[in-house]
1. Restricting to region 96-112, and then to whatever is farther than 15 Å from THR175 by Cβ and either at pLDDT 95 or above or open to solvent by 80 Å² or more (accessible area, probe 1.4 Å) (or both), can you tell me which residue is nearest to the chain's Cα centre (by Cα)?
2. Go through region 49-88 and give me each residue that's closer than 20 Å to VAL4 by Cα, modelled with pLDDT under 80 and either open to solvent by less than 80 Å² (accessible area, probe 1.4 Å) or in contact with a helix residue (DSSP H, G or I) (Cβ under 8 Å, 6 or more places away or on another chain) (or both).
3. Within region 32-48, can you find the residues that are closer than 30 Å to ALA210 by Cβ, open to solvent by 60 Å² or more (accessible area, probe 1.4 Å) and free of Cβ contacts under 8 Å to residues at least 40 places away in the same chain?
4. Working only within region 156-180, note down all residues that are charged (D, E, K, R) and either assigned to a loop (DSSP other than H, G, I, E, B) or surrounded by 23 or more Cβ atoms within 10 Å (Cβ to Cβ) (or both).
5. Working only within region 1-31, note down all residues that are open to solvent by 50 Å² or more (accessible area, probe 1.4 Å), touching a residue at least 24 places away in the same chain (Cβ under 8 Å) and assigned to a helix (DSSP H, G or I).
6. Could you tell me whether region 156-165 includes any residue that is within 18 Å of TRP213 (Cα to Cα) and either among the acidic types (Asp, Glu) or out of contact with any Asp or Glu (no Cβ under 7 Å at 6 or more places or on another chain) (or both)?
Amino acid sequence: MPQVRLLLRTALRLRGGFDVVGEAADGAGAVRLAGELRPEIVVLDLGLPDIAGREVLGRVRQGSPESKIVVFSGAEAPEIAERVEGYVLKGADIDYLVDLLETLGRRRAQDAVIELAAEPASVSRARQFLRRTLREWNLDLLLDDAQIVVSELVTNAVTHARSAPELRLSLNGSTVRVEVRDDGTGTPEPRPPTEDAEHGRGMHLVAALAAAWGMELPQDDGKVVWAELAR
């Protein structure tokens, strides 16, 4: 159903770390896209209008044998449980499905971390660290956008949180994740842009350049502001 696909797509975007490469409204479309795109994970409804559940599952598996398949269905089908990586009933909370997909798709291949001082010069150090890291990862094409994102997040941490931030870069399956951790308590919010404003436009830039962004509150003090750039 279009509403279910929209709900799941929105939940994945808000969570971050996912790239929805295709959607299909029927079994034939699902089989075709799986064969063309070879996605890492397929979320499959067995109640599609044109092809029976077992058949569509087999054809998707044949077209993309390396894909992990998670069935998201309105009816139990224990006889196919051993042929899929996950089975979630539609009555379950959408966050449960997203948690499962995150577990299956988690592939943080590399991390790079730098501790920065609570001073304006840290912004320049963060950019240098970013450039060196992306070149090591052969991701020079992301450099322009990533420099803007890193500059804004580190500037916010130094200027508004008034703390020594930690910058972490993570190379995932489909994204590069930028995380800046600081000791501040404020919440980063894009402010309405005005012609004479000197501050407040940074998060608008981050939101425009990133595939997703958000904030997390660790168990200890402080916060982590993150943004993900599609590879």
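1. Residues of region 96-112 that are farther than 15 Å from THR175 by Cβ, as a first pass: 96-100, 103-104.
With either at pLDDT 95 or above or open to solvent by 80 Å² or more (accessible area, probe 1.4 Å) (or both) added as a condition, the list becomes 96, 103.
Details: TYR96: 16, THR103: 13 Å.
Restricting to residues being farther than 15 Å from THR175 by Cβ and either at pLDDT 95 or above or open to solvent by 80 Å² or more (accessible area, probe 1.4 Å) (or both), the top hit is THR103.
2. GLY53, SER73, GLY74, ALA75, ALA77
3. GLU36, LEU37, ARG38
4. Keep residues of region 156-180 that are charged (D, E, K, R), which gives 162, 166, 168, 177, 179.
If the condition is that a residue be charged (D, E, K, R) and either assigned to a loop (DSSP other than H, G, I, E, B) or surrounded by 23 or more Cβ atoms within 10 Å (Cβ to Cβ) (or both), then ARG162 is the only one that fits.
5. Residues satisfying the conditions are LEU7, ARG13, LEU14, ARG15.
6. Looking for residues that are within 18 Å of TRP213 (Cα to Cα) and either among the acidic types (Asp, Glu) or out of contact with any Asp or Glu (no Cβ under 7 Å at 6 or more places or on another chain) (or both), one finds at least one in region 156-165, hence yes.
The values are calculated or read from the model by the stated rules, or taken from the named source; none is laboratory data. Not measured: the values here are computed from a predicted model. For neighbour counting, all protein chains shown are included, and Cβ atoms are generated from backbone atoms with ideal geometry for every residue, glycine included. For accessibility, only protein heavy atoms count, side chains too; no ligands or nucleic acids. Shrake-Rupley method; radii C 1.70, N 1.55, O 1.52, S 1.80 Å.
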